[in-house]
Structures are given as structure tokens and as C-alpha cells.
Amino acid sequence: MYPFGKGFKRYLPLLLLMIPLSLYVIFYFGPSMMTVIYSFTDITNVPGSKLNFVGLDNYYDVFFSGNSGERWDSIIRTVYFMVIVTIVQNGVGLLMAVVINQKLKGDYFYRAVFFLPVVLGVSVVALVWGLMFDPLSGPVNQLYDSLFGYKDMFFGSFTHAFGYIIFTQIWMYMGYSMLIFLAGLQSVPRDLYEAGYIDGTTKWQSFKNITFPLIAPSFTINIILSIIGAMSTFDIILATTDGRFNTRTMAYDVYKETFRGSLQMGLPSALSVVQFLMILVFVVFAVKQMRKREVEY
């Protein structure tokens, strides 16, 4: 007995599944595979140009060409960006989720306020913090001056611009982390807290021994999303500093080499593959570590 009937109806589920599968192959898997292939060629974006396989030449250029020093700086900066964003964004997100989960008055308002930067978009966020960090008339510089007698160039500083981009990135996405943590917190059975209360546990012991282990899946999801998001970020850099003042990352280099560099497409393709492999290594390592502490109940 077939659940979908006989004849053509038997194949209807498969045909419906073919639609999203085809879209995935055409718009995601196919271009990804072509990027890998292009990374071994000298293809250009000139229409009608010939394609020749050049082996690992593009990968050699990524790490050992004349400007490889800047490339290595971008790679180190990308890892630094990923580590700081992942730790701080999830730390702040967890703190906000724990506070909101206390059933405060107007908690829906706080959720909306904290989540608002996520939906604003990169252009609006860059405009907002560009005004806030304006070196001449921005309120943050006036605050610095009144408190410390110090003024900064913010996104125009060679030493501090990257830090302010990290701050902006965290501010923009901490509401997203908060929402996932909040969903995890609200799925923890209340009777576990009541049993802990009867046993005389303190609030910290309840959080450490009940809450923290049971929201481990939320941690795993947030860590994965943070790693992928941070290592793929180029838009906020483009909108604030345009890669100047020591703020270039690998993702920005891919964008620059693709749309502003030479006509060669092999080098940015190789950069993309290296970036993907780095993300894969960090995500697999994080998932393995996080899975060890997930608890089923």
C-alpha cells in the first residue's frame, strides 16, 4: 500500500522534492563546484577568453606572491576577528537572554530592542555608527573628551578602526544570539529548578549544573553561526572603512580581488576555497568540542 496512491501520484513527492533540490544545485552547489574548478585555472572575466589549467599556481600566489604579506595579515586578522566576535557576541547574548528570561515587566519590548540591529541592515548600521563615531562632531568623541581628555579617529584610525568594526559586528548580531539562547532557556523543564531548590542549590549552582548543560545545543548553534558569520564578513568593513586602516580580512580580499582587482578570477577563487577550508576546520573542531557537553533529557 503506497501512502500517496498509485500511478503518477506515487512519484509526486519525488517530483516536488526535485524543485528545491534543483534550485540548490543551480544556485549553491553548482557555483561552489565551479569556484573550486576555477581556482586551478587562469580564467578571466573577459567574455570569450580561453581557460587553461595552471595547477596550484593560484594557491601559490595566495600565500607566496609579492603581496602575500598583506594576505597573511588578512588571514591573521580574520582569525582574530572570528575569535573575539564568537566569544563576546555569545557572552553578551547569553547574558541578555538570562536577564530577559527572568520574566521582567516589558520583556517583549526588550527582545524587540535587542533584536532591532539584526533587521536594520549593514548600510543603516554603518550609517548609525559612522555618525556616532564621527571624529569631529560625533557624541562618542565628545564623551571621550569630557571623560578622558582624549579624542579618537575611530574608523579612520590605523590602530583602533578594526576594534570598532568588531564592536559594530557584535552590536549588530548579539540580538540573534540572544534569541537562540532564549529559546534554549525556555525549553529547560521548570521541575528541574524546583528539585534543585529543594536540594538547596544556589542560583549560580542551578545555572552551572542545570541551565548550562541543557542549553548546550543552543551554544552549538550559536558558535557555528558566529564562526561562519564572522569569517564571511566583509560588508561592514566595506561600508565603514572600505578595507583601509588595517581592517582587511579574507572575505574582504575575496570581494576586492573579484570586483576591484585584476581581471583574473582564478586567484579570488583560490582565496574563496582557502577561506571555506578554514571555516570548515574551525566549525568541525567547535562542533566536536560542543557535542561532548550536550545533554539529553
Not counting ligands, DNA or RNA, and with a 1.4 Å probe, what is ILE87's accessible surface area in Å² rounded to the nearest 10? 110
Per residue, how big is the convex hull around the C-alpha atoms of the range 1-159? Give it to me in cubic angstrom, could you? 315
Quick tally, 1.4 Å probe accessible area for PHE133, PHE114, sorted with the most first, runs PHE114, PHE133
If R0 = 22 Å, then TYR80 and MET153, at their Cβ-Cβ distance, give a FRET efficiency to the nearest 0.05 of 0.60
Solvent-accessible area per residue for the chain at a 1.4 Å probe radius, Å²? 60
Separation between Cα centres of the range 133-153 and the range 19-69, rounded to whole Å: 45
Among GLN275, GLN102, GLN264, determine the one that fluctuates most according to a GNM of the chain built with springs between C-alpha atoms less than 10 Å apart. GLN102
Cross-link reach from LYS203 to aspartates and glutamates, straight Cα distance under 16 Å and at least 8 residues apart if same chain, gives ASP191, GLU194
Pop out the carbon and sulfur fraction of the accessible area of the range 5-52 as a percent, whole number, probe 1.4 Å. 76
Below 8 Å between Cα atoms, with a sequence gap of 6+, how large is the relative contact order for the chain in percent? 27
Just in the range 1-63: which trypsin sites (Lys or Arg not before Pro) are loop by DSSP and have at most 11 other Cβ atoms within 10 Å? LYS6, LYS50
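Leaving out ligands, DNA and RNA, what percent of the accessible area of the range 208-263 is carbon and sulfur, probe 1.4 Å?
Looking at the range 208-263 in its full context, I get 62 percent from C and S.
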Hey, any idea what % of the range 53-137's accessible area is carbon plus sulfur with a 1.4 Å probe? 72
Exposure rank, largest accessible area first [TRP204, TRP129, TRP72; 1.4 Å]: TRP204, TRP72, TRP129
Cα-based shape type of the chain, given that a ≥ b ≥ c are square roots of the gyration tensor eigenvalues and the cut on a/c is 1.5: oblate
Just to be sure I understand the rule: take each whole DSSP H helix in the chain, project its Cα atoms onto its long axis, keep it if the span is 18 Å or more and its mean Kyte-Doolittle hydropathy is at least -1.0. Which ones pass? 8-24, 68-100, 107-120, 161-186, 216-231, 266-291
Select from PRO213, PRO47, PRO139 the residue whose mean-square fluctuation is largest in a Gaussian network model of the chain (Cα-Cα springs shorter than 10 Å). PRO47
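The values are calculated or read from the model by the stated rules, or taken from the named source; none is laboratory data. Note that this is a predicted model, so its numbers are computed, not measured. Quick reminder, even Gly has a Cβ in these numbers, built from the backbone with ideal geometry, and neighbours come from all protein chains shown. Surface areas here come from the heavy atoms of the whole protein model, side chains and all, with no ligands, DNA or RNA. Shrake-Rupley method; radii C 1.70, N 1.55, O 1.52, S 1.80 Å.
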